[in-house]
1. Would you work out the charge dipole size for segment A:2-133 about its Cα centre, treating the Cβ of every Lys and Arg as +1 and the Cβ of every Asp and Glu as -1, and quote it to the nearest 20 debye?
2. Under a point-charge model restricted to the Cβ atoms of Lys and Arg (+1) and Asp and Glu (-1), what is the dipole moment magnitude of the protein assembly as shown relative to its Cα centre, in debye to the nearest 20?
3. At the nearest 100 Å², what buried accessible area, both sides summed, do you get for B and A when the probe is 1.4 Å?
4. Would you calculate a helix-derived [θ] at 222 nm for chain A, using -39,500 (n - 2.57) for each DSSP H run of n ≥ 4 and dividing by the full residue count, to the nearest 500?
5. Just the accessible area for residue B:22, please: 1.4 Å probe, Å², rounded to the nearest 10?
6. Enumerate the helices in chain A for which the Kyte-Doolittle hydropathy averages -1.0 or more and the C-alpha atoms extend at least 30 Å along the helix's axis, using complete DSSP H runs.
7. Any idea what % of Cα-Cα pairs in segment A:79-134 are farther than 17 Å?
8. So which trypsin sites (Lys or Arg not before Pro) in segment B:1-82 are both in a DSSP loop and have at most 16 other Cβ atoms within 10 Å of their Cβ?
Amino acid sequence: MTASQGEQLPIRTSEEVVVVRQAVRKWAVAAGFSIIDQTKVVTAASELARNTVVHAGGGTVLIEQITSGERRGLRLTFEDSGPGIPDIELALKDGYTTGNGLGLGLSGSKRLMNEFVITSTVGHGTKVVATKWK
Amino acid sequence: MERIPILKMGDCLLVTVQVDMHDQMALTLQDDLTTRISQTKAKAVLIDISALEIVDSFIGRMLGNIAGMARILDAQTVLVGMRPAVAITLVELGMSLPGVRTALNVERGMDLIRMSPANRSRHDRESR
């Protein structure tokens, strides 16, 4: 799997969550995604970007166009240096929340993407790598 | 701060969301709408989201909240114009907007409001 092009953006405020959505939309269009897949990727990006702001006080996202053989895809890497997630399995359960949301951000965005990997160290931060293939 | 305009048409408040809302803007709309319902004694709220390219869990929750608050203030809410890709994504995300009435477009949404039992009985009374 190789990354051909990419862009990194800061996520510190809810306005920047909107900027991330717009950037991910642009990359999804460039990757040739269908309207439905564009909508899924942008929605997942919105959830993950908001998590970064709400739970970690901000972070970054790296948006990359990737290829694997003939397949093209979009990989989103969200990184923060927030408090970390003590129990990832629990955090991925529908309806589990530590904020005041619905607890659909992580579990829902996992359903919208094809690959989804969370690594987190308590006290150091969280990294979410989410990939959608065309 | 940028605000979503709320128009009044008879007994109905009409909201057309035409920008990509950030979270604070969505919360402001929720507050503005509940205030306007109580000020204008509106019986219905029609929210047109045909310009929205995504509805994530935050905006979905806000729409559910508006419908709930409006109901308590004796107004019904109809959400119109959701794009098919948005509907598919929203359900896959895990939200089916329970308690929110929907219609395909503004015209059908207005029909729904006119035909609702609350409005019908009122019109019947007025025509007598």
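1. 300
2. That gives the protein assembly as shown a dipole magnitude of about 740 debye.
3. Looking at B and A, the buried total is near 1900 Å².
4. Theoretical 222 nm ellipticity from helices: -12000 deg cm²/dmol.
5. 20
6. Once both thresholds are applied, what remains is A:35-56.
7. Above the 17 Å cut-off, segment A:79-134 has 39 percent of its Cα pairs.
8. Passing both the DSSP loop test and the Cβ count: B:3, B:41.
The values are calculated or read from the model by the stated rules, or taken from the named source; none is laboratory data. It should be emphasised that the depicted structure is a prediction, and the values quoted were computed from it without experimental measurement. Cβ: placed from backbone, ideal geometry, glycine included. Neighbour counts: every protein chain shown. Heads up: the accessible areas ignore ligands, DNA and RNA and are worked out on the full protein's heavy atoms, side chains in. Shrake-Rupley method; radii C 1.70, N 1.55, O 1.52, S 1.80 Å.
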